[in-house]
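Take a look at the structure set out below.
Each reported figure results from applying straightforward, stated rules to the coordinates on display, with no laboratory input. The structure presented is a predicted model; accordingly, all values stated were derived computationally and were not measured. Every residue, glycine among them, receives a Cβ derived from its backbone with ideal geometry; neighbour counts consider all protein chains shown.
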C-alpha cells in the first residue's frame, strides 16, 4: 500500500524539530524527508542525513527542472524539499514527514493536494515567548522579531487539515501519530 | 482582588457551548456573561439566564449609549454583550467568561485590551464536519456553508492569546481552567 505525505509546520519557536524527532522514534513506517540547502554544513551535519548540501548553481538547476516540492530563500540561503525521494518513499509504503516552514506549505498544497497538513501551535504566545527566551541565545530584539513572525505564521494555520498543540513533546508526537494511523485504516 | 475577563471563541460547530458549560461547573469564582438578543426566546429559555431578551428598539438604544462590549447581527437577529454586568462581576472578584462569536472579538479586544482571548480549535476539519453532520439537523448545503464559515473563523485564531483544542470536552474545559488559574497566581 502506498504511503501518505504529511506536512508538519508551525510558527518559529514552537518546537517542531523536537516533536518530529520524537515522532520518528514511535513508528517504523515513517520516513523523514531530507531537505536541500545552499547553506554551509554546521559541525557534525552529514550530507544526505541532516540536509542535502548543494551549491547555489545545483540548487537553481533543480528549481528550473521542477525538482522541488517547495523552495524558499531564508536569511540569504536557499532551502527546498526534493520531490523524487518523497515519491519514492511513499511508493515503498512509507508515510513521509515533511518538516517545513509555514511559507513553503502553500507551494506543496498546490503541487501535492493529497498531502495532509498538520499545524503545530504553542499553547499561547506567552508560552512561545518563554521558550524563545529560554534558549538564552537570542537578543530581545530578535525575540520580538520572532514573535512577530510567529503571529503571521499562526495566521496561516487555517489552511492546514489538523491542529495539534505542543504543550508537551511526547503528547504532541503521540497525537500526530494518531492522526497518521487514522489515515492508514 | 479584581477578576479577569476571558473571551472564549471558536469556529461554528467546535462545541464552544458544551465546553463552557463544563468549565462553569469546575470553579466557583467563574461567572458566565449573559448576552442580549433581539431574537425570540426558545422554549424553556429564561430572560436574564439564557439571554437578556430585548426589543430591537431597546437594543439600539443600548448600542447608541455604548452599553455593549460587542454586538453584531446574525441571521437577522442582534446579539450583544452588555458591558456593565461584566465590569460589576470582575469588581466582585469573579473571572468573567464571555462566550462569543469570532466576529465579536475584535470589538472587545479594542474596548477591553486587558481581556484574554482563548480560541477553541477542532482537532481537524474532518472532525468538525463529522460533528456538524452528527447533529443530524442540517442539510448538506448548510453543512458546507458552516464549514466555509469555520475556515474564515479559524483564520482569526492568531489574534487570540491562548489556543485549546476541543478533542474532548472535559479535557478542553480543564485546560481552559488551567489558563485561568495561571493568571490568578
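Summary table below
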item: Meets criteria (loosely packed, with under 14 Cβ neighbours inside 10 Å and over 28 Å from residue B:184 (Cβ atoms)) for residue B:72; result: no
item: Selected residue (criterion: nearest to residue A:12 (Cα to Cα)) from residues of region A:85-137 that are in a strand (DSSP E or B) and more than 14 Å from chain B (Cβ to nearest Cβ); result: A:99
item: Test: residue B:148 is part of a helix (DSSP H, G or I), within 14 Å of chain A (Cβ to nearest Cβ), under 30 Å from residue A:180 (Cα atoms) and over 18 Å from the mean Cα position of the chain (by Cα); result: yes
item: Residue check for residue B:155: within 14 Å of chain A (Cβ to nearest Cβ), at negative phi and buried (at least 19 other Cβ atoms within 10 Å of the Cβ); result: no
item: Selection within region B:161-185 - in contact (Cβ under 8 Å) with a residue 12 or more places away in the chain, within 9 Å of another protein chain (Cβ to nearest Cβ) and buried (at least 22 other Cβ atoms within 10 Å of the Cβ); result: B:162, B:163, B:164, B:165
item: Subset of region A:81-112 (residues that are over 27 Å from residue A:1 (Cα atoms) and buried (at least 21 other Cβ atoms within 10 Å of the Cβ)); result: A:102, A:104
item: Matching residues in region B:14-27 - criterion: being under 22 Å from residue B:107 (Cα atoms) and part of a loop (DSSP other than H, G, I, E, B); result: B:14
